[in-house]
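The values are calculated or read from the model by the stated rules, or taken from the named source; none is laboratory data. For clarity, every value in this text was computed on a predicted model and none was experimentally measured. FYI the Cβ positions are ideal-geometry reconstructions off the backbone, even for glycines, and counts take in every protein chain you see. Heavy atoms of the whole protein, side chains included, go into the accessibility calculation; ligands, DNA and RNA do not. Shrake-Rupley method; radii C 1.70, N 1.55, O 1.52, S 1.80 Å.
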Amino acid sequence: MAPDSDSLIPTFGIGQPVRRTEDPTLLRGQGRYTDDVNLAGQVYAAMVRSPHAHGILNGIDAAEALAMPGVLAVYTGADLAAAGFGGIKCPVIPPDRHGRPMLAPRRPALPTERIRFAGEAVAYVVAETALQARDAAELVGLDIEPLPAVTEARAALEPDAPQVHSDVPGNLALDFHYGDADAVAVAFAAAAHVTRLDLVSNRIVVNAMEPRSAIAQHRDGRWILHVGCQGVFGLRNALAADVLNVEPGKVQILTGQVGGSFGMKAGVYPEYVCLLHAARLLGRPVKWTDARSESFLSDNHGRAHEMMAELALDAEGRFLAVRLTGYGNTGAYPGLPVPVTMNAVKNVLGVYRTPLVEVSSKMVYTNTSVVGPYRGAGRPEGNYYMERLIDTAAAEMGIDRVELRRRNHIAPDAMPYQAPSGMAYDSGEFGALMDQALDLADWDGFAARKADSGARGRLRGRGIGSYLEVNAPPSKEMGGLRFEEDGTVTMVTGTLDYGQGHAATFAQVLVDHLGLPFDRIRLLQGDSDQLVAGGGTGGSRSTIASGTALIEAAEQVIEKGREAAAVVLEAAAVDIEFVDGAFGIVGTDRRIGVIELARRVRTLTAAGNAPAELPATLDVSHVSNNPPSAFPNGCHVAEVEVDPETGVVEVVAYAMVNDFGTVINPLLVEGQLHGGVLQGIGQALLEHTVYDAQGQLLTGSFMDYAMPRAIHAPPFRFASHPVPATTNPLGAKGCGEAGCAGALPAVMNALVDALEPYGIRHFDMPATPEKVWQAIQGQD
C-alpha cells in the first residue's frame, strides 16, 4: 500500500512561506464574524449608557421606552442582581509589597447604585429589531446625581480626590514592589553616573477592525454565547464560575472569525451577561453589536502608564541597576494589572546584563474606561523604558550609543543566563543580531541621508530599539487530532486565531511531524464543547503552546498507528516504522499512509470484528503541560524626518532583525511584524486618549483620535537571526507583540536624535505635529 498521495510536500513544511488558508474566504467576503451570525427568532439589544463619569444612580424610568413599538423588555442592574448573577472578576490578582492581595472589587454587569465612568452600561432594551431597540434606549430616563470625577492616576491618589470605590481607600488598587530596595539603593549611591527620565506610555483606544458583538441563547438548560474572543475555553470557565455560578459544562462559547483584538476581547464584558439574562427570560436568541462610537467608551483601553525610569552606570558605562517607579491607570474597574507589575520587571532588562532591578508601581482606580492588555501588555513599555535610558545615558556620558549597548549585551556564552527578574534566558546572540540590524539599516551611510534631508529643509534622526520580550507563562493546552471520514484531519486546540494565521502555521507543523498533506488539514478552535483545555491566544506563545501540544499528539498518533499498522499489515509492532507519513514493515515495500490507516481502523472497528490489539481509533485528545516562557528578541532601526515648519514627523526608513527561534512561516511572521511596527508608530506619533476634568472622553471618534494609516507605513527591511529556543520542541520563541516592542524605542530615539540641534533630549509619546512644533519653537 502506498502512502497517502502528496503526503510529503516540502513547500508546506516548517520554514516555508505559506499563505494563510483563510485568506481566499475572507477576501471573497465569505468570512463569518459574530455579526454575520443570525439565529431563528432572534431579537436585539441596545445598551443605555451613562452620560456622567461619576454619580449616584437614583432611578431609571423605562415607561416611555416600554411603550415603543417592538420593545419586549427593559432590564436594569436590579434585575440582574435578583437573577443571582455574580460580578465580573479580575483574572489576575497579584499581591502588594506586603503580600496582601490587590483590592479588586468585582464589576457588576449593570450598576445599581454608583456610576463610575462615562459610557458605563446602566440598563438595556430588547426589541424585535435593532433600530427599535436603539430608538427605545434613547428614551430610557436616568436619574443620576453627578459627582466629581478623577481621570489621572496621580490625581486619584491625592487626599481630596473623588473616591471611585468606597472599599478601596485612596483609590489605590495595588502598591506593587519587586526587588531588593537596599541593594539597588547601594548600587545607585556608588554609581559614577545616573540617568533619570520621566516616561509616559500614552493611553490607547484599541479600535479593533471588528467591533464587539455577541448573540446569546438559553436552550435545554444551557447558556450558549456566540462571541468574538481570544479563547473560548477560558471565557467559558470565567462566565460559568464567576458570573453564572454554574458548572462549565452548562456553558458553550462559539467563536468564528475575529476581526482583531490585541488583548481587548479576551475577557468577560457586561454586555455578554445582559444578553444571556434576556435570552433566558425571553426564550429567544438576543443579539447585540457595538457601534463604533460606543466602542470608544465601552471597550477596554490600553497602556496608560507613567514611570520614572533610572539607570545606574559605572565609569565605563556598565549597567549596575535599573529602577522603575510609577503609576498605572486601571480605569473604573480592575483590568489586567500585569503591564506595570511583573511584565515591567521581566521586560525592562531587555538584552542587557543588569545585576539589579527594582520596580515600584501603583495601580490606581479612576473614573475612566477599564484599562486592560494591549499588544504586548507591558513588554513594549519595559523595553521602551530601557532603550530611552540607554540613549540618554550615552549622550550624557559621551559614549557612542551603539558602543554602550555592546558593552552591556549578555554574551552568548553566558547562556543560560539567570536574570535578576527571576527569568532564565536560554538562548540569544544579541551583539551579532544588532550588528546585522545596523548593516541592514546602512547605519554607516546615514550622514549622506541626513545631508540630503537637510538640503530639503528637514531634520533627520536615527534610533535603535533593541528588545527582548518574556512571553506568557505556561498553561495547559489541548492538542487534539481527529481523522475525519472525508479524509481530512482536524486539529483541535485551545488557542484562537484572530488574524495570526494559525490554520496554516499549525498545519505546517503536522506536515513535518506526521507527513500529512497540507490541504487536508483543518483547524478547530472556536467551540468550547470540543475542548478539554485551552490557554487562548495572547502573550506571543500560541505557536509554542499549540505547536508543542500538536507535536505531542502526533507522537501519540504514531504510537497508536504502529499498533494498528501491525494488525493491518500483519506484522509485529516492533517491525513497524513510520517514515514520510506512512507506516511500513522494516526492510520491505509494504506501507500504508496514516490517513488510509485511520480509515481502515474506523472500518474494522465499525464492523465489530476488530482484533483486540487494534486501537479503536487513531484520534487523540491530548493535554500538554506547556514549556516555560521563551525570549523573542531583536533590534529595530528607524529613521525619521521632521519638518521644523509644521512639526510633522515621518518615519522614512525602518530596518529590523529579529530572533524568533525556529520560524515556522516566514511570510506570516513578517506580516505580524509589519502590523506590530505600525501599531507602535501609531502610539509613538499619533494616538492619544484624552478625558476632560469631568471625565468626558474628548477623543471619542476617528474625527478626534488619530489612527495610523497606510501612508504612515515606512519602507520595511526585514531579516531574521534565528537562534532556536532550547525549551520547547519546535525551538520557537513567538513573534506577535515584537513589532510594538521594537518600534516604540526605535521611533522615539530617532525623533530625539533629529531634535538634538534644538537641545531637546527627551520627548513624550505621542509626538504629534503640534507638540513637536511647540517644542521646536520653545527651544529656538
- request: Let me have the relative contact order for the chain, percent, based on Cα pairs under 8 Å that are six or more residues apart.
  value: 17 percent
statement: Over all pairs of different Cα atoms in region 626-686, the reciprocal of the mean inverse distance gives a Kirkwood radius in Å of 13.8 Å
statement: Rg/Rh of region 602-657 (Cα atoms, Kirkwood Rh), to two decimals, equals 1.63
query: Can you pull the Kirkwood radius for region 598-739, inverse mean 1/r over Cα pairs, to one decimal in Å?
result: 19.8 Å
- line: Expressed as a whole-number percentage, the relative contact order of region 1-153 with C-alpha contacts under 8 angstrom and at least six residues apart is 38 percent
field: Linear extension gain, T11 paired with A155, 0.36 nm per residue minus alpha-carbon span
entry: 46.1 nm
query: What's the center-to-center distance, using Cα atoms, between region 55-81 and region 9-33 in Å?
result: 47 Å
- prompt: Relative contact order (percent) for region 378-471, with alpha-carbon contacts under 8 angstrom and 6 or more residues of separation?
  reply: 29 percent
- line: In whole angstrom, the spacing between the Cα centers of region 551-595 and region 168-241 equals 47 Å
- prompt: Over region 113-223, what lengths in whole Å, largest first, do the semi-axes of the equivalent ellipsoid take, defined as the square roots of 5 times the eigenvalues of the alpha-carbon gyration tensor?
  reply: 45, 21, 16
Paramagnetic label zone (point 7 Å from Cα along Cα-to-C-beta, V574; backbone N under 16 Å) in region 603-638: none
statement: One finds the C-alpha centres of region 642-675 and region 337-373 to be spaced, in Å, by 24 Å
- line: Output ordering of 599-609, 172-182 (per-residue mean of other Cβ within 10 Å, highest first) is 172-182, 599-609
- request: Could you work out the equivalent-ellipsoid semi-axes for the chain, taking the square root of 5 times each eigenvalue of the Cα gyration tensor, largest first, in whole Å?
  value: 43, 39, 23
query: Averaged per residue, what accessible surface does region 204-247 expose to a 1.4 Å probe, in Å²?
result: 31 Å²
Set K265/K476; K89/K476; K346/K476; K250/K476; K476/K560; K450/K733 screened for pairs whose C-alpha atoms are more than 32 Å apart: K450/K733
Sparse-neighbour loop sites [GluC sites (Glu not before Pro); region 483-560; at most 15 other C-beta within 10 Å; DSSP]: E484, E485
- prompt: Taking every pair of alpha-carbon atoms in region 230-287, what share in percent sits in each 5 Å bin, from 0 to the bin with the longest distance?
  reply: 4, 17, 25, 29, 17, 7, 1
statement: Two pseudo-spin positions, 7 Å from Cα along C-beta at E64 and at T488, lie apart in nanometres by 5.3 nm
field: GluC sites (Glu not before Pro) restricted to DSSP loop in region 606-667 with at most 16 other C-beta within 10 Å
entry: E613, E645
- request: Go through 534-546, 43-55 and give me the packing order, highest mean Cβ count within 10 Å leading.
  value: 534-546, 43-55
- prompt: How high is the FRET efficiency between D589 and V200 when r is their beta carbon distance and R₀ equals 56 Å, given to the nearest 0.05?
  reply: 0.25
task: Using label points projected 7 Å from each Cα along Cα→Cβ, tell me how many nm separate A189 and D444, to one decimal.
output: 4.7 nm
task: Mind ranking 214-226, 189-201 by how tightly packed they are, going by the mean number of other C-beta atoms within 10 angstrom, highest first?
output: 214-226, 189-201
message: Quick check on the chain: helices-only [θ] at 222 nm, where DSSP H runs of length 4 and up contribute -39,500 (n - 2.57) each and the sum goes over total residues. Nearest 500, please.
response: -8500 deg cm²/dmol
field: Quotient of C-alpha Rg and 2.2 N^0.38 Å, computed over region 1-113
entry: 1.93
- prompt: Expressed in nm to one decimal, what extension gain is obtained for the pair A82 and Q418 from 0.36 nm per residue of sequence separation less their Cα-Cα distance?
  reply: 115.7 nm
- line: Here, D175 and R406, labelled 7 Å along Cα→Cβ, have an inter-label distance in nm of 4.6 nm
- prompt: Just the C-alpha atoms of region 465-614: what Rg/Rh do they give, with Rh taken as the Kirkwood radius?
  reply: 1.05
- prompt: P(r) tail for region 395-458, what percent of Cα pairs lie past 20 Å?
  reply: 51 percent
field: Equivalent ellipsoid semi-axes - Cα gyration tensor, region 66-136, angstrom
entry: 35, 12, 10
- line: A chain fully extended from E645 to D314 at 0.36 nm per residue, minus the present Cα-Cα distance, gains in nm 115.1 nm
